[in-house]
Amino acid sequence: MNRIRRSVNAAFNPVSTAATRWWCHSALRHTLTGHGPTARQRRLIRHVPPGVRVPASPAQMEARKKAIDDLLARDERQV
């Protein structure tokens, strides 16, 4: 029985993986469920090399710094 099951799994796994990969990246998924990337997001995802992050602007960094400073000041007052 185990040998038969392994044979069936070996045949079915590539098909299942391909179907899952298609579903996760399909426009049909987004249309039917409202989840997943839109066509525009998929185009953007393809053009950004893996591991590349867009750096934050100086204004964003300043806002983050201010928010952290405010949190730290609030913690110091509570202690």
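What follows is calculated from the coordinates using simple rules that are stated; it is not laboratory data. Since the structure is predicted, the reported quantities are computational estimates derived from the model, not experimental observations. Cβ coordinates were reconstructed from backbone atoms using ideal geometry, including for glycine residues, and neighbour counts include every protein chain displayed.
Between ARG53 and ALA18, residue separation times 0.36 nm minus the direct Cα-Cα distance comes to 9.8 nm. Sorting 17-27, 67-77 by their mean Cβ neighbour count within 10 Å, with the most densely packed peptide first, gives 17-27, 67-77.
Simple spin-label estimate for LEU72 and GLN41 gives 3.5 nm between the two label positions (7 Å along the Cα-to-Cβ direction from each Cα).
The stretch between SER7 and LEU32 holds 5.6 nm of extra length on full extension. This uses 0.36 nm per residue minus the Cα-Cα distance. Summarising the label geometry, the points placed 7 Å from Cα in the beta-carbon direction at GLN60 and HIS25 lie 2.5 nm from one another.
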